[in-house]
Amino acid sequence: MGSLVDYDEHYVKGLGQCGDPFDEFVTFFDTYAGRRARVLDLGCGQGRDALMAARRGHRVLGVDASAIGMAQVLELADQEGLDVEGVVADIVEFRSRRTFDVVILDRVLHCLPSDEERRLVLGKSCRWTRARGHVLIADTPKHRGFIRSFFEDAGWDVGRCRGNFLFVQRPG
């Protein structure tokens, strides 16, 4: 994956380099009816979304190419006794046989150098999402139309689609 930013340069400065979770993601999890959901956070970085979801009782698998960011996520999860697993991997190359109730793509798609790679990651996200499961996306306005069309063409229910956010649900 050809990331536009070397996040390790930021992560070595300490925790919280990408800020707090977006209010839209917090609200989703605060109102989500599922208990002990399986959550996949692709491109989890330092774990702001992974940790937030785990603090609400969900089981989270975080995937990120940064070993530094992943170590920080797992250290915090361990300190707080949270159910978080971590895998250091490029999200384009990552494979899983598991399925999830919620998949998070928080500002990671714009880091991919091509629509082909974005399409590949979106396709994997679809395969890994259970029936009636959700994919939560925060990305730049530049890719909003591409991402929305991808899910509409796949027959998913488009929920929130405002600003930089697109929340979709797999039909079931």
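Structure summary
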quantity: Among (1) closer than 17 Å to residue 21 by Cα; (2) in contact with a His (Cβ under 9 Å, 6 or more places away or on another chain) - the single one residue 51 does not satisfy; calculated: (2)
quantity: Residue list for segment 25-73, restricted to those being surrounded by 16 or more Cβ atoms within 10 Å (Cβ to Cβ) and acidic (Asp, Glu); calculated: 41, 49, 64
quantity: Residues within segment 54-69 that are among the hydrophobic types (A, V, I, L, M, F, W, C) and at pLDDT 95 or above, tallied; calculated: 4
quantity: Selection count where residues are closer than 21 Å to residue 113 by Cα and part of a loop (DSSP other than H, G, I, E, B), scope segment 77-93; calculated: 5
quantity: Qualifying residue in segment 99-113 (condition: out of contact with any Asp or Glu (no Cβ under 9 Å at 6 or more places or on another chain), surrounded by fewer than 16 Cβ atoms within 10 Å (Cβ to Cβ), at negative phi and at pLDDT below 95); calculated: yes
quantity: Condition check for residue 160: surrounded by fewer than 19 Cβ atoms within 10 Å (Cβ to Cβ) and within 19 Å of residue 34 (Cα to Cα); calculated: yes
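The values are calculated or read from the model by the stated rules, or taken from the named source; none is laboratory data. Values in this document were obtained by computation on a predicted structure and should not be read as measured data. Positions of Cβ are generated from backbone atoms using ideal geometry, with glycine treated the same way; all protein chains shown enter the neighbour counts.
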